[in-house]
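The structure appears right after this line, and notes come after that.
The values are calculated or read from the model by the stated rules, or taken from the named source; none is laboratory data. In this text, all values refer to a predicted model and were calculated from it rather than measured experimentally. For neighbour counting, all protein chains shown are included, and Cβ atoms are generated from backbone atoms with ideal geometry for every residue, glycine included. To get the accessible areas, we keep the full protein, side chains included, count just its heavy atoms, and leave off ligands, DNA and RNA. Shrake-Rupley method; radii C 1.70, N 1.55, O 1.52, S 1.80 Å.
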Amino acid sequence: MEAISVPKGFKVTPEQFDWLADVEQIARMELTQDGELIVMSPTGGEAGRKNFNLYLDLGNWNRQTKLGEAFDSSTIFVLPNGARRSPDVSWIELNRWNNLTLKEKQGFPPLAPDFVIELVSPSDLKNQRYEDLQTKMQEYLDNGIRLGWLIEPSAKTVEIYRLNQQVEILNNPQTLSGEKVLPGFILNLSEIF
């Protein structure tokens, strides 16, 4: 297999992206609203472990409440602005999910999740992509998410993104609340920090 290097700012159409995602299922990719193709590096062990714990905690809560559907980082959503994004962990309220057609559910769901988590990985910090993640979180918000958490384990900080509110930054929180979006969900951060 030959490795390719995608230069920053490289653009493709949404149709080309869909084709690449279908044919080249070896890489995690996203497409910005402006058509920039982003190829994401594989997750290292620590980031993968933390992502798994985040997904597991949300999944367990969701299985008990049956209020929606939870997704891992391999799911791509087509946001209203046309971007194709893949949050580390996401959740959609059940009635919104059930309003999708079977074809939409089997493909890239054409909506913004209600809730997303992005975990800042060591490679994000090394490659100076933290601001890109903040921009991505704002994009989620602009496209209709109701709650989002940008978790930075090494600094022990969490940025909370809420609809129609300023970003709130928490330093070394022990837990996070799902608030009204995820009623009763409390994330213990001891496995993440």
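Of the residues Phe71, Phe52, Phe77, which is aromatic (Phe, Trp, Tyr), at pLDDT 85 or above and open to solvent by 70 Å² or more (accessible area, probe 1.4 Å)?
Exactly one residue qualifies, and that residue is Phe52.
So, in region 84-106, of the ones that are in contact with a strand residue (DSSP E or B) (Cβ under 6 Å, 6 or more places away or on another chain) and under 24 Å from Val12 (Cβ atoms), which residue ends up surrounded by the fewest Cβ atoms within 10 Å (Cβ to Cβ)?
In this case the residue turns out to be Arg84.
Could you check region 80-108 and list, in sequence order, the residues that are over 24 Å from Met29 (Cα atoms) and either in a helix (DSSP H, G or I) or at pLDDT below 95 (or both)?
Leu94, Asn95, Arg96, Asn98
Hey, among the residues in region 1-32 that are among the hydroxyl-bearing types (Ser, Thr, Tyr) and exposed (fewer than 13 other Cβ atoms within 10 Å of the Cβ), which one's modelled with the highest pLDDT?
By that ranking, first place goes to Thr13.
When you look at Leu182, is it at pLDDT 95 or above and part of a strand (DSSP E or B), yes or no?
no
Which members of region 27-76 meet the condition of being among the small types (Gly, Ala, Ser) and in contact with a helix residue (DSSP H, G or I) (Cβ under 6 Å, 6 or more places away or on another chain)?
If the condition is that a residue be among the small types (Gly, Ala, Ser) and in contact with a helix residue (DSSP H, G or I) (Cβ under 6 Å, 6 or more places away or on another chain), then Ser41, Gly68, Ala70 are the ones that fit.
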